[in-house]
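Structure first, commentary second.
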Ligand code: NAI
């Protein structure tokens, strides 16, 4: 089923509003989810609407949160999310970061007590579109073994980075710190396929190729990815006083309780360093020079991070976004949710 971005946006906004968020908040949730689908990050788009709707309806996402932003220093602050929608809190916190970085050169803003905030690229690009450089990191469910361990401890803790160029190109680097997203294991399971032995481990902590035996994911590049996911947890968890490591809540554990997650935005104003014009021109030159690198076997050219997502977006603008039929039927239905996610084991489906 193919839909236009505008139609998808309206359907998601209506559903999230019906589940209990205000029209404004539902609109922001839909902005981030349709952004993800338009860029081809379908794991963080419309397929999650039913889960969010169930959590909103059951009170695990505060329907009318009391957001509060406290500036705790000239260039830093903490945004209290009151376990409201992570999408809304993260966007509003990024807008504070943008304002402060414009004025002081840098902003470090913590977002605490929030629910899932989806694809982090959305937030860092918001800053890059305003001529700023941004990094955003956040916590997620503990489902990854620490290097050398056999039990899950940290989350897939993503890191996103964006920087503007002198033209329409924006570098958008956005990744989970695991070799593969959980969605890829689910995909293999649904097709009864095996997985490479580098993606995940079984109950004993041994690498497995059996997608049904997966008990935890593994960090990218062994000890290095493990260090990165720990860094993310320190910056977006410990620093903000929310639960850390294996104490971080699970997505499906109890949908009536707030998740108390943390996220950190770091925004830098190039004007206070090399100067904005020089910065943007140099990024453009860097991207141009990357295009002159001879491609290796199997590649047509070297892409910059975020380029392929933008190509997908262009294609979707022309041909519509591909949405799974069941998800479309749910979105156009009158139902808020089908009670499918509460207390589900995080490794079950
Ligand atoms: P991925 O593996 O699809 O891409 C990672 C990065 O590599 C992207 O910046 C992409 O532009 C770049 N890339 C990929 N192929 C490339 C190529 N050929 N040339 C140049 N660059 C290339 O991303 P991943 O790790 O699967 O993450 C997907 C999304 O999941 C992200 O948006 C992330 O923020 C989100 N996520 C959110 C979580 C949360 O709790 N909020 C938890 C984990 C992930």
In whole angstrom, the spacing between the Cα centers of the stretch 115-159 and the stretch 240-254 equals 14
Once normalised by the length of the chain, the mean sequence separation of its alpha carbon contacts under 8 Å that are 6 or more apart gives a contact order in percent of 22
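Report the full-extension gain for the segment residue 129 to residue 322: residue separation times 0.36 nm, less the Cα-Cα distance, to one decimal in nm.
Once the chain is fully extended between residue 129 and residue 322, it gains 66.8 nm.
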Per the C-alpha gyration tensor (a ≥ b ≥ c, the square roots of its eigenvalues), the stretch 63-125 is rounded if a/c is under 1.5, else prolate if a/b beats b/c, else oblate; here it's oblate
Residues of the stretch 75-112 with backbone N under 20 Å of the label point set 7 Å from the Cα of residue 257 along Cα→Cβ are 81-86, 112
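What is the Cα convex hull volume of the stretch 24-131 when expressed per residue in Å³?
Details: hull volume 9.5 nm³, N = 108.
Measuring per residue, one finds 88 Å³ for the Cα hull of the stretch 24-131.
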Here the chain gives, from Cα atoms, an Rg and Dmax in Å of 20.0, 54
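For 201, 267, what's the fewest-to-most ordering of other Cβ within 10 Å of each Cβ? Each step should come with its number before you reach the end.
Values: 201 22, 267 30.
Going from least to most buried by this count: 201, 267.
Assuming R0 = 25 Å, can you tell me the calculated FRET efficiency for the pair residue 300 and residue 187, based on Cβ-Cβ distance, to the nearest 0.05? Before the final figure, lay out the partial values.
Numbers: r = 25 Å, r/R0 = 1.02.
It comes out at approximately 0.50.
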The extension gain from residue 278 to residue 167, computed as 0.36 nm times the residue separation minus the Cα-Cα distance, is 38.7 nm
Cα-based Rg/(2.2 N^0.38 Å) for the stretch 217-259, rounded to two decimals, is 1.34
Across all Cα atoms of the stretch 234-349, Rg and the largest Cα-Cα distance (Dmax), in Å, are 22.1, 54
Listed with the fewest Cβ neighbours within 10 Å leading, 209, 156 appear as 209, 156
Taking only the alpha carbons of the stretch 154-266, the radius of gyration and the largest Cα-Cα distance, Dmax, both in angstrom, are 16.3, 51
One point scatterer per Cα, no solvent, Debye formula: log10 I(q)/I(0) for the stretch 104-209 at q = 0.13, 0.17, 0.24 Å⁻¹ comes out as -0.63, -0.89, -1.26
One quarter of the C-alpha convex hull surface, i.e. the mean projected area of the stretch 275-333 in nm², amounts to 7.3
Here the equivalent ellipsoid of the stretch 5-54, derived from its Cα gyration tensor, has semi-axes (largest first, whole Å) of 17, 11, 8
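The numbers here are math on the coordinates, done by the rules we state, and not lab data. Keep in mind it's a predicted model, so treat the numbers as computed, not measured. All Cβ positions, even for glycine, are placed from backbone atoms using ideal geometry, and neighbour counts span all protein chains on display.
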